[in-house]
Amino acid sequence: MADKRYTLGIMVTELHKAGIRLIDNISGEASEHFAEFTDGEWRQLNDYLSHVADLHSTQFLIKGEGVQLNFAWNQGSNPQWRAKAPPVDDVLAFLHRLRPLILQEEPACFQKVRAVLKRRLKDAPIHPFMGWLLEVYEGKEMQKMISIQSNNCIVNSEKMLFTWLNAYEYHREREKQELLESYSKIMPTEWSRGVFLTLLVEKGKAISNLGALVEVVLGKRNALSLSV
């Protein structure tokens, strides 16, 4: 029999351990849950917090003015659309800081970090909280309060938000611009822009809440109150 030669390789995965303690606000009972993260995941969590800190440093969030949308219509008169948004430069800085958090190809975006925590903390009773985060992030919480429809399409939706971002903010896709221009015949462009900015504010809310959980996991926050 011919000699067989092998090369032996040792693969080492650095693991980071984290523990969280959950207290039932009604019964007072406490439970502890432990998880292990790879070196790459640990770095991903830290990068996420860095992106969140950059987002919180924008004047858009510091001032907290948000977006004001008003709509009035009386029978026999034309609809009145009013939208008030923060200064353009504040909005542009906010959009720039959001990029690594909302673009799914980014390594430390909201979706990927949420998936890591959901997988690693699968035994902890935080699934309702994680589900709520996703609903807020995707604008579904906003849709429960108001659903804005035009041409049989829900305007305040994840799909239309990214259509707008790719048409005007992150890219300049002419086909998407033409689609949005068709809506402007019914709804003024500035008003629909206000709707999309409001959806981004909702994303910021979800991103910040997930960031608080990441801080607990990384040992940078002592406690977090969850409604689960």
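The values are calculated or read from the model by the stated rules, or taken from the named source; none is laboratory data. Being a predicted model, the structure only gives us computed values, none of them experimental. Cβ coordinates were reconstructed from backbone atoms using ideal geometry, including for glycine residues, and neighbour counts include every protein chain displayed. These accessible areas exclude ligands, DNA and RNA; they are computed on the full protein's heavy atoms, side chains included. Shrake-Rupley method; radii C 1.70, N 1.55, O 1.52, S 1.80 Å.
Points worth noting:
- Förster-model FRET efficiency, 22 Å R0, residue 15 and residue 224, C-beta, rounded to 0.05: 0.45
- Selection from 157, 196, 208 lying farthest towards where the dipole of segment 113-228 points positive, charges on Cβ: 208
- Among complete DSSP H helices in the chain, those whose alpha-carbon atoms stretch at least 27 Å along the helix's long axis and whose mean Kyte-Doolittle hydropathy reaches 0.0 are 189-217.
- Placing +1 on the Cβ of every Lys and Arg and -1 on the Cβ of every Asp and Glu, with no other charges, gives the chain a dipole of roughly 120 debye about its Cα centre.
- Hydrodynamic radius of segment 137-227 per Kirkwood, over alpha carbon pairs, in Å: 14.7 Å
- Its relative contact order, with pairs defined as Cα atoms under 8 Å and 6+ residues apart, puts segment 132-172 at 26 percent.
- Most mobile of 25, 156, 166 in a GNM of the chain (Cα contacts under 10 Å): 25
- With a Förster radius of 41 Å applied to the beta-carbon distance between residue 127 and residue 53, the computed FRET efficiency rounds to 0.90.
- Residue with peak Gaussian network fluctuation, the chain [Cα springs, cutoff 10 Å], from 196, 94, 129: 129
- Nearest-20 debye value, segment 149-222 charge dipole, Cβ charges on Lys, Arg, Asp, Glu: 220 debye
- Distance from the Cα centroid of segment 141-164 to that of segment 18-62 is 30 Å (rounded to whole angstrom).
- Estimated FRET transfer efficiency when R0 is 25 angstrom, pair residue 189-residue 63 (beta carbons, to 0.05): 0.60
- Theoretical gain in end-to-end length, residue 152 to residue 179 [0.36 nm per residue, Cα-Cα removed]: 8.4 nm
- Accessible area in square angstrom per residue, segment 133-220, 1.4 angstrom probe: 47 Å²
- Length gained on full extension, residue 111 to residue 171: 19.5 nm, using 0.36 nm per residue less the C-alpha separation.
- The chain, relative contact order [Cα under 8 Å, separation at least 6], %: 21 percent
- Pairs of Lys in segment 38-172 closer than 26 Å at Cα, counting only those 8 or more apart or on different chains: 15
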